[in-house]
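In what follows, a structure is listed as C-alpha cells, so that the remarks can point back to it.
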Amino acid sequence: MAEGIVEPASARRQDTRFLILYALASAGGAIAYVPLLTILLPVRVEAMAGEESVRWLAYCAFFGAVSASLGNILFGWLSDITGNRRGWIVGGLVLSSALLLALTRIDSLPGLIWMLVAWQLCLNMMLGPLSAWAGDVVPDRQKGTLGGLLAFAPALGALSGTLVTIPGLAGADTRLTLVVVIVVALVLPVLFVGRPVTFPELMRPSEPDFSVDVRESRRARALVVRMWLARLLVQISEAALFAYLYLWFRTIAPGITDNGTAKVFGATLLVAVPLALLIGRWADRTDRPIMPLSLSAGICALALLLMAGANGLKAAMAGYAMFGLAASVFLALHTAQTLRVLPRPLRRGRDLGLFNLTNTVPSLIMPGLTLAMVPVFGFSGLFVLLCVLAAIAALLLLGAARPR
C-alpha cells in the first residue's frame, strides 16, 4: 500500500488475532445452517415426504428465507440503535441453538416448516449484528483480507457437514447436537477474548459535497446498486445448488450418499479458502476491490453451462467444483467489499440487513424457478437459465472493475 496517500491515523490496521477470531465466529454462523440446509434437512424431508420431497423442500426454503430476511434487517437495526452488537449475538446464539436441538422432536412437515421459521429468525439475531461488527472495526485497507478470511465460513460449514454425516458417527438427532457444540465453540471466543482496535473514523458517516462532486456521488450510489444486483443474481444460482445439489447428484448417480455429497461440497469450499485469501490480499494491495468479483461471476456462468451438459457423475462433480470455487470467492470478497461502499455507519446493521436480502430473496425466487423448470426441462434447463443470470452479474460489475 503506497505511503503518503492517506492520513497517518488510517495507516493503523486491525489486529490479526481479532480478524482470525472473527473469521472463526463467522464460520460458526455458517456451520449453524450449512449442514442443516444442504444435507440434514433434505435427508429428513426426503424421508418424511418421499416423492414430494422437492415440493416440501421448496416450501422450507421459501418460508425460511422470509423469516431470515426479516430477522436480519430487524436485529441488525436493533443492534444499531442499542450500540450493543455482542449482546444480540449472544442472544441469537443461545436461542438458535435451543431451537436447532428442538428440531429433532418435530414429526410433521408443517411443524418442521414452523420450527425452521422460528430458528431462522433467532439465527439472524446472531448473524445480523455479527456482520455489522466487522464494518465497525475493520478498515478499508483490510477489507480484501477480511473477505479472504471469510471464505473459511462456508468451507468449515461444508466440512462440518462432512463430519456429522460420517457413517456410524452419530444418528440423525445426534448430528444436530454436534452442530450446536461446534457453533458455540467457534462463536464464543471472539465475544469474550476478542479485543478489536477501535477506528472512530469507521463510525463517521460519509457526507459527500454534492455541489462539488455530484458525478462521483452518483457513481458511488450506482456501485451500491450494481453490487446488490450482481450478488442477487449469483446467489440465485448458489441457492439452487445449495438446496438441490444432493437431489441433482441423485438424478445422475442414484447410489450417491449424503456423506458423498458433503465431501464434494466441503472439498470445493476448502480449496476456495487459500484462493480467496490470495485474491483478497491482491485486491488490497492494488486497490482494485471490484475486478475479482466480476471475473469470479463470469467463471460461475461458465461452470453452470458445463453443469447443464454434464452426463455423468464425474463431469457433474467437476462442473460443480468449478462453480463452487468461483462462487465462494465471489461471495466472500463481496461480503467484505460491501462494508466499503455502505455510506451510513450508524445504520450499518440495518443497511447490511437490506443487502442481506441478496442472500435470502434468492431462496424465495429459486423454488419457483426450480418447480417451473425442472419438471419440464430437467436440471439442465435450470442450469442454463442460471448461467445467463451469472453472466449478467459479471457484466454489471465489469464497468466498476477499475482502480479507485
Original post:
Would you call THR177 part of a helix (DSSP H, G or I), touching a Lys or Arg at 6+ places or on another chain (Cβ under 6 Å) and either closer than 24 Å to LEU74 by Cβ or in contact (Cβ under 8 Å) with a residue 40 or more places away in the chain (or both)?
Top reply: no
Original post:
Within region 84-96, can you find the residues that are surrounded by fewer than 17 Cβ atoms within 10 Å (Cβ to Cβ), modelled with pLDDT under 95 and either within 15 Å of MET203 (Cα to Cα) or aliphatic (A, V, I, L, M) (or both)?
Top reply: ASN84
Original post:
Quick one: is LEU186 touching a residue at least 60 places away in the same chain (Cβ under 8 Å), in contact with a Leu (Cβ under 6 Å, 6 or more places away or on another chain), part of a helix (DSSP H, G or I) and farther than 20 Å from PRO129 by Cα?
Top reply: no
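Conditions tested, residue by residue: (1) crowded, with 24+ Cβ neighbours inside 10 Å; (2) within 30 Å of VAL271 (Cβ to Cβ); (3) within 20 Å of the chain's Cα centre (by Cα).
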{"residue": "GLY71", "(1), (2), (3)": "yes, no, yes"}
{"residue": "PHE75", "(1), (2), (3)": "yes, no, yes"}
{"residue": "THR82", "(1), (2), (3)": "no, no, no"}
{"residue": "LEU100", "(1), (2), (3)": "no, yes, yes"}
{"residue": "MET125", "(1), (2), (3)": "yes, no, yes"}
{"residue": "GLY128", "(1), (2), (3)": "yes, yes, yes"}
{"residue": "ALA132", "(1), (2), (3)": "yes, yes, yes"}
{"residue": "THR145", "(1), (2), (3)": "no, yes, yes"}
**OP:** Can you give me the number of residues within region 147-192 that are under 20 Å from the mean Cα position of the chain (by Cα), farther than 26 Å from ARG17 by Cα and of a type in the set (Gly, Ala, Ser)?
**Re:** 1
Original post:
Out of all the residues in region 4-17, is one or more at pLDDT 75 or above, in a helix (DSSP H, G or I) and more than 23 Å from SER53 (Cα to Cα)?
Top reply: yes
Original post:
Restricting attention to region 167-190, which residues are of a type in the set (Ser, Thr, Tyr) and modelled with pLDDT under 85?
Top reply: THR174
Original post:
Quick check, is MET126 touching a Leu at 6+ places or on another chain (Cβ under 6 Å), in a helix (DSSP H, G or I) and without any contact (Cβ under 8 Å) to a residue 40 or more places away in the chain?
Top reply: no
Original post:
What is the residue count in region 250-282 for residues that are modelled with pLDDT of 80 or more and buried (at least 17 other Cβ atoms within 10 Å of the Cβ)?
Top reply: 7
Original post:
Does LEU352 meet the test of being at pLDDT 80 or above, over 21 Å from ALA68 (Cβ atoms), within 16 Å of the chain's Cα centre (by Cα) and crowded, with 22+ Cβ neighbours inside 10 Å?
Top reply: no
Subject >> Matching option when the condition is within 30 Å of ARG281 (Cα to Cα) and assigned to a helix (DSSP H, G or I), among GLY87, GLY91, GLY76 >> reply: GLY76
**OP:** Determine if region 382-401 includes at least one residue that is modelled with pLDDT of 80 or more, surrounded by 15 or more Cβ atoms within 10 Å (Cβ to Cβ) and not in a helix (DSSP H, G or I).
**Re:** no
**OP:** Would you be able to tell me the number of residues in region 145-177 that are over 18 Å from LEU37 (Cα atoms) and either among the β-branched types (Val, Ile, Thr) or out of contact with any Ser or Thr (no Cβ under 9 Å at 6 or more places or on another chain) (or both)?
**Re:** 4
Original post:
Is one or more of the residues making up region 157-166 touching a Phe, Trp or Tyr at 6+ places or on another chain (Cβ under 7 Å), under 21 Å from PHE265 (Cα atoms) and among the aliphatic types (A, V, I, L, M)?
Top reply: yes
Original post:
Does region 101-115 include one or more residues that are among the acidic types (Asp, Glu) and assigned to a helix (DSSP H, G or I)?
Top reply: no
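The values are calculated or read from the model by the stated rules, or taken from the named source; none is laboratory data. Just so it is clear, the model here is predicted, and its values are computed rather than measured. FYI the Cβ positions are ideal-geometry reconstructions off the backbone, even for glycines, and counts take in every protein chain you see.
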